[in-house]
Amino acid sequence: MAEILPFRGVLYDPAKVGDVTAVVAPPYDVIGPAEQAALYERHPCNIVRLELGLEHPGDGPQDNRYTRAKRFLEEWLRGRVLRRVGLPAIYLYAVEYRLPSGAVRTMRGFLSLVKLEEFGTGRIFPHENTRAAAKDDRYQLLETCRSNFSPIFSLYSDPAGDIIRTLEAADGGRPRLAVTDSDGGHHRLWTVTDPAALERVVAAMKPLPLFIADGHHRYESALRYRNAQRKAHGGSGTLPSDWVLMYFSNLDDPGLTILPTHRVLPGPLPCPVAAIRQRLAEPFTLAAFPFTKETEPAVRVKFLNALHAAQATEAHVMGLVVRGEPRYDLLTLNPAGQTPLGPSARERLDVSILQQLVFREALRLTPQDEDRLVYIKDAEDAMAAVARGEGELAFLLNPPKVAEVKDVARVGDRMPHKSTYFYPKPLTGLVLNVMD
C-alpha cells in the first residue's frame, strides 16, 4: 500500500557549514518568534531561512519570505553548501532523547520519498483536522521552492522490527551526520545505498498502511501541488511532485512517545467557577487535592502522579487547575457521563470528552471562546501559566494511546485539533528533497 522511493537527497556539507547542529531546526510549527530569531543568528545558512523565513515590511508578490527562501536555496546549491548525494538512498535516522521523567529512549526510523495518495484510498491515513491558513502557507512555500525542507512524520506497524534491522545491517558504520538539538537529544543519520537492502525495505513497506503523525498541512499542500502539476503537464507520466519527503517511525517501537497537549483558557470565563464545578459534577467524579503554600510542591507531584496513573487503565481522567484556588481537581468520567458519548473511537477520546462535556456543556464555550485556548505540551508549564495569571483555567490530559490513534484513522475519521504530540520530532534540514 505504501509506495516508497529511495532518492538522492540534498544534505548540508559539514566542510562548508561546520557543525551541522548550527544549521538544522525544529519543525516550523513549533518555532516561536524568539526561537526563529535565534535560529537566524545561529548561522547564516540555518534552514529556518528556507522553512520559516522572516517577514519584512513592504513584502509583496515579487519579494517575500517565499521568494527569499528560493533565492537562499539556489545560492546554497550553487555554493555547494547543500549537496546532492551520489546514489539513491534511504536515510536511517536514530534519536536518543530524555523524557521529563528522566527515562532515556531511542527512536529509530528512516527517511524516504513516498508516493502521494488521496485520503480514503486505504493507504495513507490522516488523524487530525487541518486549518486553511497553514495549508496556504505551506503550499506557497512548496510552489515557490519546489522542495520539501522538512519531512512529514508517519507511522507504520512492524512488530518484529525487520525493516529497521535491514537498514542497520546495511550500514552499521559511523553516521553521516550527528547533531544535538536544543533539548539535548542526539540525532544520527546514515545513508543506506545498498541495492539489495533498499529493495527489501521497499517491498516490506508496500503492504503497510501509513498513519500521519505530524505534518497534515504539509501533506495536504503536497497533494494540492501534485494535482496542479499534473494539470499543468497534461496529466500524463510520473512527475517529481508525485512524491513527498516522509519520515517513517515504527508504531511498535518502544522508543516512540506520544505526549499530551494541555489546554489553558484565558479570561474572562463565561460563567463563575462555582457553576462550572456544579455542572462538571454531573458527568464526572471530582477528587480535590487541597494544598497550602508550604505543601503545594508535594501535592502537585501527587496530583500529577494520580493523573498519569490513569494511562494504565481504561478510565477517562483529566486534571483541572483554577487560578487563585488552593486546590487541584482530578475529574474522572463516571458511568452517567459516558451515556451521551457516541460509539465511535473519536468520540471516546479524552480530548473529545473534554470538548463535549467540559468546554461545550459545563463551560458553554462558543467557537470564539475556544479560539482563545492556549496549547501547552508540559503539564507543569500549563499549571505555571495559570499561577502567573496567563489563564483562568488549565485542563491537563493524558496522551492518547497508539491503538486509539490507529482506531480513529482506520475508519477515515480525524482527531480534534491538537490531540497528539508525537515525540521526538525529526529535525528540519537533515535531508531535503529538491525536485529536479
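The values are calculated or read from the model by the stated rules, or taken from the named source; none is laboratory data. Everything numeric here is computed off the predicted structure, so don't read it as measured data. Neighbour counts are summed over all protein chains in view; Cβ atoms, including those assigned to glycine, are modelled from backbone coordinates with ideal geometry. With ligands, DNA and RNA removed, areas are computed over all heavy atoms of the protein, side chains included. Shrake-Rupley method; radii C 1.70, N 1.55, O 1.52, S 1.80 Å.
Observations, loosely collected:
- Candidates ARG98, ARG138, ARG188, ARG146 - the one that is exposed (fewer than 15 other Cβ atoms within 10 Å of the Cβ) and either touching a Gly at 6+ places or on another chain (Cβ under 6 Å) or within 29 Å of LYS418 (Cα to Cα) (or both): ARG98
- Residues in the stretch 231-262 that are in contact (Cβ under 8 Å) with a residue 12 or more places away in the chain, of a type outside the set (S, T, N, Q) and not in a strand (DSSP E or B): LEU239, PRO240, ASP242, LEU251, ASP252, ASP253, PRO254, GLY255, LEU256, PRO260.
- If only residues of the stretch 107-149 that are in a helix (DSSP H, G or I), hydrophobic (A, V, I, L, M, F, W, C) and modelled with pLDDT under 95 are counted, the one that is nearest to the chain's Cα centre (by Cα) is ALA134.
- Yes/no for THR428 being hydroxyl-bearing (Ser, Thr, Tyr), within 30 Å of MET246 (Cα to Cα) and open to solvent by less than 10 Å² (accessible area, probe 1.4 Å): yes
- Residue check, VAL301 of a type in the set (A, V, I, L, M, F, W, C) and in a strand (DSSP E or B): no
- The stretch 381-408, residues that are exposed (fewer than 15 other Cβ atoms within 10 Å of the Cβ), over 15 Å from ARG263 (Cβ atoms) and within 24 Å of the chain's Cα centre (by Cα): LYS401, ALA403
- Filtering the stretch 278-307 to residues that are over 21 Å from VAL351 (Cβ atoms), touching a helix residue (DSSP H, G or I) at 6+ places or on another chain (Cβ under 9 Å) and either of a type in the set (Ser, Thr, Tyr) or open to solvent by less than 50 Å² (accessible area, probe 1.4 Å) (or both) leaves PHE289, PHE291, THR292.
- Hits in the stretch 380-400 (condition: touching a residue at least 40 places away in the same chain (Cβ under 8 Å) and part of a loop (DSSP other than H, G, I, E, B)): GLY389, GLU390, GLY391, GLU392, LEU397, ASN398, PRO399, PRO400
- Selected residue (criterion: most open to solvent (accessible area, probe 1.4 Å)) from residues of the stretch 193-208 that are part of a loop (DSSP other than H, G, I, E, B) and more than 17 Å from ASP171 (Cβ to Cβ): LYS206
- Filtered residue count, the stretch 20-35, keeping only those that are at pLDDT 95 or above and over 18 Å from the mean Cα position of the chain (by Cα): 4
- Matching residues, the stretch 102-135, being touching a helix residue (DSSP H, G or I) at 6+ places or on another chain (Cβ under 9 Å), among the polar types (S, T, N, Q) and open to solvent by 10 Å² or more (accessible area, probe 1.4 Å): ASN129, THR130
- Comparison of VAL317, VAL321, VAL358 shows that the only residue that is over 14 Å from LEU265 (Cβ atoms), open to solvent by less than 30 Å² (accessible area, probe 1.4 Å) and modelled with pLDDT of 90 or more is VAL317.
- Each residue in the stretch 361-379 was checked for being in a helix (DSSP H, G or I) and either open to solvent by 60 Å² or more (accessible area, probe 1.4 Å) or small (Gly, Ala, Ser) (or both), and 5 pass.
- ALA310 vs. criteria open to solvent by less than 50 Å² (accessible area, probe 1.4 Å) and in a helix (DSSP H, G or I): yes
- A single member of ALA34, ALA2, ALA22 is open to solvent by 50 Å² or more (accessible area, probe 1.4 Å) and small (Gly, Ala, Ser), and it is ALA34.
- Residue count for the stretch 150-187, restricted to those that are assigned to a loop (DSSP other than H, G, I, E, B) and not charged (D, E, K, R): 12.
- Subset tally (residues that are in contact (Cβ under 8 Å) with a residue 12 or more places away in the chain and not in a loop (DSSP other than H, G, I, E, B)) for the stretch 25-34: 4
- Matching residues, the stretch 123-169, being of a type in the set (Gly, Ala, Ser) and in contact with a Pro (Cβ under 7 Å, 6 or more places away or on another chain): SER150
- Count of residues meeting criterion [among the aromatic types (Phe, Trp, Tyr) and touching a Pro at 6+ places or on another chain (Cβ under 7 Å)] in the stretch 1-31: 1
- Criterion violated by ARG49 - all others in (1) surrounded by 22 or more Cβ atoms within 10 Å (Cβ to Cβ); (2) of a type outside the set (S, T, N, Q); (3) not in a helix (DSSP H, G or I) satisfied: (3)
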